[in-house]
Amino acid sequence: MYNAFSVNYDRFVNWQERLAFELPFLESQLQSLVQDGNLPRVLDSACGTGQHALALAQHGYPAAGADYAAGMIEQAEKNRAAIGLNVPFAVAGFGEMAGAFGEQSFDALLCLGNSLPHVLNAADLLSAVQDFADVLRPGGLLLVQNRNFDAVLASRERWMGPQPASEGDREWLFVRFYDFLPDGTIDFNILTLYRQGTEPWRQQAAVTRLMPWREVELTQVLARCGFTDITLYGGLDGSPFSAETSGNLVISARKG
């Protein structure tokens with residue numbers, strides 16, 4: 001799905017608006033790692049087209065990015081070239097970060113954009129979180145942002161708001177919805193509609209499987225992998241987490 005979607009991902013996301021909203025919280029968390037004026041080294045796992053890593057690099061952070069989808073990394077490298085920054089990117093999925101970058105090579109690791117639910121079973125979740133711990137230095141910071149699946153599963157709400165984009169006379173409309181499956185997993189669907197000028201709309205559908213990890217499942221595996229100081233937020237605005245009402249679950253934790 002994400003290799004095919006990489007060409008439209010930067011249209012799908014309003015990065016100017018999103019980064020303006022998210023970076024203040026991210027930087028407030030990262031500031032706790034500053035030592036002698038040196039900013040922490042940050043790895044954005046599941047980085048997509050690299051926009052968080054590039055934005056942090058523009059703010060002076062030594063940043064890197066990794067993603068399982070080669071198409072996303074190809075687009076991240078194009079974005080890097082466009083702004084002339086030296087940000088390393090690697091094709092590496094969950095469980096492969098330490099192998100790609102080396103153990104204890106980062107002060108902070110980000111896992112944003114509801115990426116961790118692409119891990120579909122408990123064994124692979126444990127492997128992914130242990131890999132996060134392995135790539136972090138002692139005392140390193142982990143930040144995870146997921147949908148709040150406690151609320152999603154309670155409401156069984158399938159639909160998310162459509163997202164429009166336009167460039168000149170070209171228009172896109174991205175429609176996202178869930179299918180709740182009998183085995184407890186979720187199919188995440190993206191319907192992309194496109195047209196140029198007055199031509200008829202064309203459409204393309206893509207789907208990927210998610211595991212709707214609940215807050216307690218994630219905090220338990222974090223503790224099992226040695227993370228401490230686990231703090232929950234309801235979004236990247238730093239709001240308090242409510243399992244009933246928060247749209248997102250953001251977890252901050254430190255490697256013990």
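The C-beta contact set for the range 146-170 (first residue within 16 Å of Glu244 (Cβ to Cβ) and surrounded by 12 or more Cβ atoms within 10 Å (Cβ to Cβ), second residue hydroxyl-bearing (Ser, Thr, Tyr) and modelled with pLDDT of 95 or more, distance under 6 angstrom, 6+ apart or interchain) comprises Asn148/Ser246. Here's a check for you: in the range 233-247, which residue that is farther than 17 Å from Glu22 by Cβ and in contact with an Asp or Glu (Cβ under 8 Å, 6 or more places away or on another chain) is surrounded by the fewest Cβ atoms within 10 Å (Cβ to Cβ)? Per the criteria, the residue is Glu244. Every test in (1) polar (S, T, N, Q); (2) more than 21 Å from Leu249 (Cβ to Cβ); (3) part of a strand (DSSP E or B) is passed by Thr228 save one, and that test is (2).
The single condition from (1) surrounded by 18 or more Cβ atoms within 10 Å (Cβ to Cβ); (2) farther than 21 Å from Ser252 by Cβ that Leu39 fails is (2).
Do we have any residue at all in the range 126-141 that's without any contact (Cβ under 8 Å) to a residue 24 or more places away in the chain, farther than 20 Å from Pro40 by Cβ and open to solvent by 10 Å² or more (accessible area, probe 1.4 Å)? Within the range 126-141 (the criterion being without any contact (Cβ under 8 Å) to a residue 24 or more places away in the chain, farther than 20 Å from Pro40 by Cβ and open to solvent by 10 Å² or more (accessible area, probe 1.4 Å)), the answer is no, since none of the residues qualifies.
Of all the numbered requirements in (1) within 22 Å of Ala206 (Cα to Cα); (2) among the aliphatic types (A, V, I, L, M); (3) open to solvent by less than 40 Å² (accessible area, probe 1.4 Å); (4) out of contact with any Gly (no Cβ under 6 Å at 6 or more places or on another chain), Met1 misses one, and that requirement is (3).
The residue of the range 171-213 that is surrounded by the most Cβ atoms within 10 Å (Cβ to Cβ), among those that are part of a loop (DSSP other than H, G, I, E, B) and in contact with a helix residue (DSSP H, G or I) (Cβ under 8 Å, 6 or more places away or on another chain), is Trp213. Exactly one residue among Ile190, Ile186 is within 18 Å of Trp15 (Cβ to Cβ) and under 23 Å from the mean Cα position of the chain (by Cα), and that residue is Ile190. Among the numbered conditions (1) assigned to a loop (DSSP other than H, G, I, E, B); (2) of a type outside the set (A, V, I, L, M, F, W, C); (3) open to solvent by 20 Å² or more (accessible area, probe 1.4 Å); (4) in contact (Cβ under 8 Å) with a residue 40 or more places away in the chain, the only one that Asp10 does not meet is (1). Among the residues of the range 184-224, those that are under 17 Å from Ser115 (Cβ atoms) and hydrophobic (A, V, I, L, M, F, W, C) comprise Ile186, Phe188, Ile190, Ala206, Val207, Leu210, Met211, Trp213, Leu218, Val221, Leu222.
The values are calculated or read from the model by the stated rules, or taken from the named source; none is laboratory data. From a predicted model like this one, the values you see are computed outputs, not experimental measurements. Every residue, glycine as well, gets a Cβ built from its backbone with ideal geometry; the counts of neighbours run over all protein chains shown. Note: accessible area is taken over every heavy atom of the protein model, side chains too, but ligands, DNA and RNA are not part of it. Shrake-Rupley method; radii C 1.70, N 1.55, O 1.52, S 1.80 Å.
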